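The values are calculated or read from the model by the stated rules, or taken from the named source; none is laboratory data. Since the model is a prediction, treat every value here as computed from it, not as a measurement. A quick note on method: Cβ atoms are made from the backbone with ideal geometry, for glycine too, and the neighbour counts reach across all protein chains shown. Accessible surface is based on the protein model in full, side chains and every heavy atom, while ligands, DNA and RNA are left aside. Shrake-Rupley method; radii C 1.70, N 1.55, O 1.52, S 1.80 Å.
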Amino acid sequence: QVQVVESGGGLVQAGGSLRLSCAASGSIFSINVMGWYRQAPGKQRELVASITSLAHATYADSVKGRFTISRDNAKNTVYLEMNNLKPEDTAVYYCHTDGVVAGNGDRYLEAWGQGTLVTVSS
């Protein structure tokens, strides 16, 4: 199966920046969609941003203009550049992959990372 490993979370002050990274591993030929979700305490998990293999990106309204998602297909890695962070951005951020094709042509199940905590202080 696909293994997804996240990194980059931490504690920052409001107005600061962080870059999250997520690397997918396994016998991977291609990944259709890679995305970031987040879940704040007491809240439902929500989509933050996603990006296709052709670099078409989608963002939640709450992060448009502040966050940028990108990917390196050769490294099977997706990034989330978070700028002008706000206290309401505090959450556990999860990486997600879907539409993964293995080297032999088989399809992997969708995969989730373990989550990385982002805390924004005021």
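From the Kirkwood radius over Cα pairs of segment 74-122, Stokes-Einstein at 10 °C and 1.306 mPa s returns a whole-number translational diffusion coefficient of 120 µm²/s. Under 27 Å Cα to Cα from LYS43, which lysines show up? Leave out anything in the same chain fewer than 8 places away. Filter leaves LYS64, LYS86. Note on LEU109 and ASN84: with the Förster distance fixed at 41 Å, the Cβ-Cβ geometry gives a FRET efficiency of about 0.70.
Report, to the nearest whole %, how much of the accessible area of the chain belongs to carbon and sulfur atoms, 1.4 Å probe, protein only. Percent of accessible area from carbon and sulfur atoms in the chain: 50. For segment 74-84, backbone phi angles converted through the Karplus equation (6.51, -1.76, 1.60; θ = phi - 60°) give residue-by-residue couplings of 5, 9, 6, 10, 10, 10, 10, 8, 10, 10, 6 Hz, Gly and Pro being listed as x. Taking label points 7 Å from Cα along the Cα-to-Cβ direction, VAL101 and SER70 give a separation of 2.5 nm. For segment 30-122, the Kirkwood hydrodynamic radius comes to 13.9 Å, computed from all pairs of different C-alpha atoms.
Entry comment: accessible area of the chain is 53 Å² per residue, from protein heavy atoms only and a probe of 1.4 Å.
Expressed as a whole percent, the proportion of Cα-Cα pairs in segment 40-93 lying more than 19 Å apart is 31%.
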